[in-house]
Amino acid sequence: MEDRSRIHPACLPEEELRKALRTERTRGSGPGGQHRNKVETEIRLTHLPTGIHAFAGERRSQHQNNQVAYFRLRLNLALGYRRPLRDEDFVPPGAFEPSPLWLGRVRGGRIAVNPQHDDFPAVLAEALDALNLYEDDLAAAAEALRVTRSQLVKLLAKAPAALHALNQRRQARGDKPLRA
């Protein structure tokens, strides 16, 4: 049986993740007409265990803003939350086992996921967790994830904040920044 506490929050099923969220609704401001200015269509979601939040208010529909905010929250969780590592997490690259979701997206050393797809935050979180596990050793993380280094960098480039954060850590160690 899988230890649910070891699942990254960005990878949780929607109904389970939503149980850990606070939802705030507010009225919009600016252009958009009477509906936007008089109805609480803006949505702010906060993941209570981490404090990570996301906001959406560009649509006139509360439902659409809720969907956009939920996707952004999962992406923010992928970018901003690293699972605490335990002793048993430290394994040689050949012993690391990517998730079924990850493996279903890898073909011939390439990872295929559109940054707008619902799976993107979970895939990104897994890549960032692997980089964290291997202390930003790109080669080791890529080998463990069964992709090429360039594919891992291209995935990170689909979320510019992820590549930027990695490059900042690399520069702090005196390494050259990566380019996609």
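What follows is calculated from the coordinates using simple rules that are stated; it is not laboratory data. Every value quoted in this text rests on a predicted model; they were computed, and no experiment measured them. As a convention, Cβ positions derive from the backbone with ideal geometry for all residues, glycine included, and neighbour counts pool all protein chains shown.
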If every Lys and Arg gets +1 and every Asp and Glu gets -1 at its Cβ, then about the Cα centre segment 113-174 yields a dipole, in debye to the nearest 20, of 320 debye
Here the Kirkwood hydrodynamic radius of the chain, Cα-based and in Å, equals 17.6 Å
On the formula 1/(1 + (r/R0)^6), with r taken between the Cβ atoms of T26 and R83 and R0 of 30 Å, the FRET efficiency rounded to 0.05 is 0.40
Between the modelled labels at R60 and E14 (7 Å from Cα along Cα→Cβ) the distance in nm is 2.4 nm
Helix 120-133 sits off the longest principal axis of the Cα atoms of the chain, rounded to the nearest 10 on a 0 to 90 degree scale, by 40 degrees
If one compares the long axis through the Cα atoms of helix 62-80 with the longest principal axis of the Cα atoms of the chain, the angle in degrees, nearest 10, works out at 30 degrees
What helix-only [θ] at 222 nm does the chain give? Using -39500 (n - 2.57) per DSSP H run of at least 4, over all residues, to the nearest 500, the answer is -13000 deg cm²/dmol
Kirkwood radius from Cα pairs of segment 93-172 plugged into Stokes-Einstein at 4 °C, 1.567 mPa s, gives D in µm²/s equal to 104 µm²/s
So, with points 7 Å from each Cα along the Cβ direction, the N132-L101 label distance in nm works out to 1.4 nm
